[in-house]
Amino acid sequence: MQAAISAMAAHTISSSITSHSLLFPLSNPNNPLLHSSFHGHSLKLTRPSSLTLSATASATPKPLTVVAATKKAVAVLKGNSNVEGVVTLSQDDAGPTTVSVRITGLTPGPHGFHLHEFGDTTNGCMSTGAHFNPNSLTHGAPEDEIRHAGDLGNIVANADGVAEAKIVDNQIPLSGSNSVVGVVVGLTPV
């Protein structure tokens, strides 16, 4: 049985916060341009001729409100063979989770795509447990509300052994008591 498994590798929560000190660093006032070393490309920003920042003292501090937060988890898949890939899960606020899949080295055709209950890969598929099923529901199809949350149906590998898919699901949140962060992504031929 060909399988690829991996525990969720990262979980980050990010939000967009504007910081004037990041947009216009004043550490080198003689340099009119800012440069980014991200992948070796330069980012050209012109510094404003004058910048005025003001702060007003307040007796009561105002709380920071995050308007929107995107949660992300990444699983890097590596099996006993040349199967490898990346699965990225992202979720905005309390909305559904989007699963983006790209896996190579598969046999052409359909493959079951699952989340398993344990993040333990010490004994291969034997230590990952059953499908992730926090609500103890009966087995069902991926589009059913009553189903194992971790049974996400099939993905199909093309003739080159590459499977790419995007799955949107409301039963696999990235936070809270039923979070899938730390579980295992499993892939088996159908």
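For region 134-153, indicate whether the set of residues that are of a type in the set (S, T, N, Q) and buried (at least 17 other Cβ atoms within 10 Å of the Cβ) is non-empty. Walk me through it before giving the result.
Taking region 134-153 and keeping what is of a type in the set (S, T, N, Q), we get 135-136, 138.
Filter once more, keeping what is buried (at least 17 other Cβ atoms within 10 Å of the Cβ): none.
Checking region 134-153: not a single residue is of a type in the set (S, T, N, Q) and buried (at least 17 other Cβ atoms within 10 Å of the Cβ).
Scanning region 92-132 for residues that are closer than 14 Å to Ile172 by Cβ and modelled with pLDDT of 95 or more, which turns out surrounded by the most Cβ atoms within 10 Å (Cβ to Cβ)?
Restricting to residues being closer than 14 Å to Ile172 by Cβ and modelled with pLDDT of 95 or more, the top hit is Val99.
Please enumerate the residues belonging to region 161-179 that are more than 25 Å from Asp120 (Cβ to Cβ), of a type in the set (D, E, K, R) and either surrounded by 14 or more Cβ atoms within 10 Å (Cβ to Cβ) or free of Cβ contacts under 8 Å to residues at least 24 places away in the same chain (or both).
Once the filter is applied, which keeps residues that are more than 25 Å from Asp120 (Cβ to Cβ), of a type in the set (D, E, K, R) and either surrounded by 14 or more Cβ atoms within 10 Å (Cβ to Cβ) or free of Cβ contacts under 8 Å to residues at least 24 places away in the same chain (or both), region 161-179 yields only Glu164.
One line per residue, one yes/no per condition, for (1) hydrophobic (A, V, I, L, M, F, W, C); (2) in contact with a helix residue (DSSP H, G or I) (Cβ under 8 Å, 6 or more places away or on another chain):
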residue: Asp120; (1), (2): no, yes
residue: Met126; (1), (2): yes, no
residue: Gly140; (1), (2): no, no
residue: Ile146; (1), (2): yes, no
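Identify all residues within region 116-144 that are part of a loop (DSSP other than H, G, I, E, B) and free of Cβ contacts under 8 Å to residues at least 12 places away in the same chain; write none if there are none.
Our first condition is that a residue be part of a loop (DSSP other than H, G, I, E, B); within region 116-144, this holds for 117-123, 128-130, 132-144.
Correct list: Thr122, Asn123, Ser136, Thr138, Gly140, Glu143, Asp144.
Val156 - would you say it is modelled with pLDDT of 90 or more, among the aliphatic types (A, V, I, L, M), surrounded by fewer than 20 Cβ atoms within 10 Å (Cβ to Cβ) and more than 25 Å from Thr107 (Cβ to Cβ)? Can you show your working first?
On the way: modelled with pLDDT of 90 or more: yes; among the aliphatic types (A, V, I, L, M): yes; surrounded by fewer than 20 Cβ atoms within 10 Å (Cβ to Cβ): yes; more than 25 Å from Thr107 (Cβ to Cβ): no.
When the stated conditions are applied, Val156 does not pass them.
Search region 85-134 for residues being in contact with a Ser or Thr (Cβ under 6 Å, 6 or more places away or on another chain) and among the charged types (D, E, K, R), and hand back the single one that is farthest from Val183 (Cα to Cα).
Going through the qualifying residues, I end up with Asp92.
The values are calculated or read from the model by the stated rules, or taken from the named source; none is laboratory data. Because the structure is a prediction, the values reported are computed rather than measured. Glycine gets a Cβ as well: all are built from the backbone with ideal geometry, and neighbour counts include every protein chain shown.
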